Amino acid sequence: MPLLQCGNWVLEGKSSSAVATYIRIKELDLIFDLGRCPMNFIGTNHVFISHFHLDHYFGLPIYISQRWLAGMPPGNIYVPSSGFKQLKNILDRISTLDAGRNWGYQITPVEAGNSIPFRQNLVAHILTGNHSVPAVSYLICEVRKKLKPEYRDLSGREIVALKRSGVEITNEVQLPLVAYLGDTRGISLDAHPLLTQCKLLICECTFITSEHRERAKKTKHLHLDMLPSLLEHFESEYIVLNHFSRRYTPELIRQEVFKQLPASEHARVHLFL
Ligand SMILES: [Zn+2]
Ligand SMILES: [Zn+2]
């Protein structure tokens, strides 16, 4: 299984268009899409599904049933609200067929504009995707408490005293960590005020050659020639391209990506093949 190190995070999984996409960042206890479910993903507690194309959610029955069989609490699965009922229906039927009863699972429908707190200090902002079926993108932020500016010059003792007296001395700030675009023809830069500051951007790049420009447009995917004008707006330290069409060999992908992207982008662009 491919591994990609991005600072303190390791991306694990696979992503190949129409085959399967599943990417785990264990350090954040989350998985983006679950087209298949490797056994070592079972213990990860948060799963964010971008849309209901089979190669992005087909691993869910394995994830749910393996946790159920192991006596683990259900994981937290987030899916676009548009397919929520149909998905529950499918899972209930599979679980009845498999176990004669319901596995018990936890699925939360999400839609653009929602903010979902998870773990102790993370929040997932749901952004609008632009794909051939209803889809969402995710922006994961860390929530931190920061001392209000008016209290910055106080001593430790004075701050403790204020806190004890019930004064709210901190503001909440959010640090944009990871944006996962899922399958999409693009992303609106103002989908969230922190989007372009994310530390890691995971961006689909399904098509790379000029003969597939029309196909990318028709199937609502990004084409490599759209990336320079998109990426220039992102301050991200790491940009990971995923979801390449299986028409292309890894050698061709590498060659075309680094030929078509400006040299200034090369150091931060990584391929998830
Ligand atoms: Zn896909
Ligand atoms: Zn898709």
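Quick note: the coordinates plus some simple rules give every number you see, no bench work behind them. Note that the structure is predicted; figures quoted are calculated from it, not measured. Here the Cβ is made from the backbone with ideal geometry for all residues, glycine too, and neighbour counts use every protein chain on show.
Figures for the structure shown
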{"read-out": "Residue within the range 187-207 that is under 19 Å from Ala124 (Cα atoms), small (Gly, Ala, Ser), assigned to a loop (DSSP other than H, G, I, E, B) and within 16 Å of ligand 1 (Cβ to nearest atom) present", "value": "no"}
{"read-out": "Those residues of the range 18-49 which are of a type outside the set (Gly, Ala, Ser), more than 15 Å from the chain's Cα centre (by Cα) and within 16 Å of ligand 2 (Cβ to nearest atom), in sequence order", "value": "Val19, Arg36"}
{"read-out": "Residue in the range 148-157 that is among the polar types (S, T, N, Q), surrounded by fewer than 19 Cβ atoms within 10 Å (Cβ to Cβ) and closer than 17 Å to Thr128 by Cα present", "value": "no"}
{"read-out": "Near pairs, Cβ below 8 angstrom, 6+ apart or cross-chain, from the range 10-21 (small (Gly, Ala, Ser)) to any residue that is part of a strand (DSSP E or B) and more than 16 Å from ligand 2 (Cβ to nearest atom)", "value": "Gly13/Arg24; Gly13/Ile31"}
{"read-out": "Neighbours by Cβ (under 9 Å, 6+ apart or cross-chain): first from the range 157-171, acidic (Asp, Glu); second in a helix (DSSP H, G or I)", "value": "Glu158/Tyr151"}
{"read-out": "Filter result for the condition that a residue is surrounded by 14 or more Cβ atoms within 10 Å (Cβ to Cβ) and in contact (Cβ under 8 Å) with a residue 60 or more places away in the chain, over Ser137, Ser95", "value": "Ser137"}
{"read-out": "Close pairs (6 angstrom Cβ cut-off, 6 or more residues apart or separate chains): closer than 12 Å to Leu87 by Cβ in the range 50-67, part of a helix (DSSP H, G or I) and more than 16 Å from ligand 1 (Cβ to nearest atom) anywhere", "value": "Pro61/Ile94"}
{"read-out": "Residue that is part of a helix (DSSP H, G or I) and within 16 Å of ligand 2 (Cβ to nearest atom), where the choices are Ser15, Ser95, Ser82, Ser65", "value": "Ser82"}
{"read-out": "Filter result (within 16 Å of ligand 1 (Cβ to nearest atom), of a type outside the set (S, T, N, Q) and outside any loop (DSSP other than H, G, I, E, B)) within the range 225-252", "value": "Val240, Leu241, Phe244"}
{"read-out": "Options Phe52, Phe118, Phe58: the member that is within 16 Å of ligand 2 (Cβ to nearest atom) and within 21 Å of Lys26 (Cα to Cα)", "value": "Phe58"}
